[in-house]
1. Any residue that is small (Gly, Ala, Ser) and within 13 Å of the chain's Cα centre (by Cα) - is there at least one of those in the range 1-14?
2. Which count do you get for residues in the range 19-34 that are part of a helix (DSSP H, G or I) and touching a Pro at 6+ places or on another chain (Cβ under 9 Å)?
3. If you go through the range 75-96, how many residues are within 16 Å of Met12 (Cα to Cα) and in contact with a strand residue (DSSP E or B) (Cβ under 9 Å, 6 or more places away or on another chain)?
4. Suppose we filter Arg63, Arg50 for residues that are part of a helix (DSSP H, G or I) and over 11 Å from the mean Cα position of the chain (by Cα); which single one remains?
5. In the range 54-61, is there at least one residue being surrounded by 11 or more Cβ atoms within 10 Å (Cβ to Cβ), in contact (Cβ under 8 Å) with a residue 24 or more places away in the chain and in contact with a strand residue (DSSP E or B) (Cβ under 6 Å, 6 or more places away or on another chain)?
Amino acid sequence: MASEIADTIAVMYAGRIVASGPVARVLSAPAHPYTAGLLASTVHGQPRDRDIDAIPGSPPDLRLLPKGCAFAARCPRRIGMCRDAEPAERYPAPGRMAACIAVSDHVETSAAEQGVHA
């Protein structure tokens with residue numbers, strides 16, 4: 001498991017980093033809905049008495065990515081603008097990044113100020 005070998009983690013969807021930050025925080029309180037879906041679809045993310053939840057739909061064809069957020073068609077938090085605009089990086093907490101329009105509680109600082117390296 002990533003938490004056993006890394007201090008920080010980046011989660012990718014459709015060839016793009018959609019979430020990053022300290023591994024313990026990203027895995028315990030995922031800001032991006034894809035990260036939450038990944039965790040819910042593993043045995044590590046669910047109590048023993050609960051079924052594993054699958055992310056509905058299929059990943060997009062990387063040769064024909066849709067306009068807007070590539071995860072929008074599968075996202076439970078999707079809003080209208082998700083299909084129109086590629087989500088900007090947002091910083092829900094110091095050192096954490098989530099590329100999601102639905103992440104609204106973000107710190108208004110640059111990536112460099114957050115300690116995020118491109």
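1. Within the range 1-14, the first condition is being small (Gly, Ala, Ser), and the residues that meet it are 2-3, 6, 10, 14.
Filter once more, keeping what is within 13 Å of the chain's Cα centre (by Cα): 10, 14.
Looking for residues that are small (Gly, Ala, Ser) and within 13 Å of the chain's Cα centre (by Cα), one finds at least one in the range 1-14, hence yes.
2. Within the range 19-34, the subset part of a helix (DSSP H, G or I) is 23-28, 33-34.
Now narrow it down to the ones that are touching a Pro at 6+ places or on another chain (Cβ under 9 Å): 33.
Number satisfying all stated conditions: 1.
3. First, the residues of the range 75-96 that are within 16 Å of Met12 (Cα to Cα): 75, 86-90, 96.
Imposing the further condition that a residue be in contact with a strand residue (DSSP E or B) (Cβ under 9 Å, 6 or more places away or on another chain) reduces the set to 86-90, 96.
Summing the residues that are within 16 Å of Met12 (Cα to Cα) and in contact with a strand residue (DSSP E or B) (Cβ under 9 Å, 6 or more places away or on another chain) in the range 75-96 gives 6.
4. Details: Arg50 fails: part of a helix (DSSP H, G or I).
After applying the criteria, what remains is Arg63.
5. Residues of the range 54-61 that are surrounded by 11 or more Cβ atoms within 10 Å (Cβ to Cβ), as a first pass: 55, 59-60.
From the residues that got through so far, the ones that are in contact (Cβ under 8 Å) with a residue 24 or more places away in the chain too are 59-60.
Still in the running and in contact with a strand residue (DSSP E or B) (Cβ under 6 Å, 6 or more places away or on another chain): none.
Checked the range 54-61: no residue is surrounded by 11 or more Cβ atoms within 10 Å (Cβ to Cβ), in contact (Cβ under 8 Å) with a residue 24 or more places away in the chain and in contact with a strand residue (DSSP E or B) (Cβ under 6 Å, 6 or more places away or on another chain).
All of the numbers you see were taken from the coordinates with simple rules; none came from a lab. Just so it is clear, the model here is predicted, and its values are computed rather than measured. Note: ideal-geometry Cβ built from the backbone for every residue, glycine included; neighbour counts use all protein chains shown.
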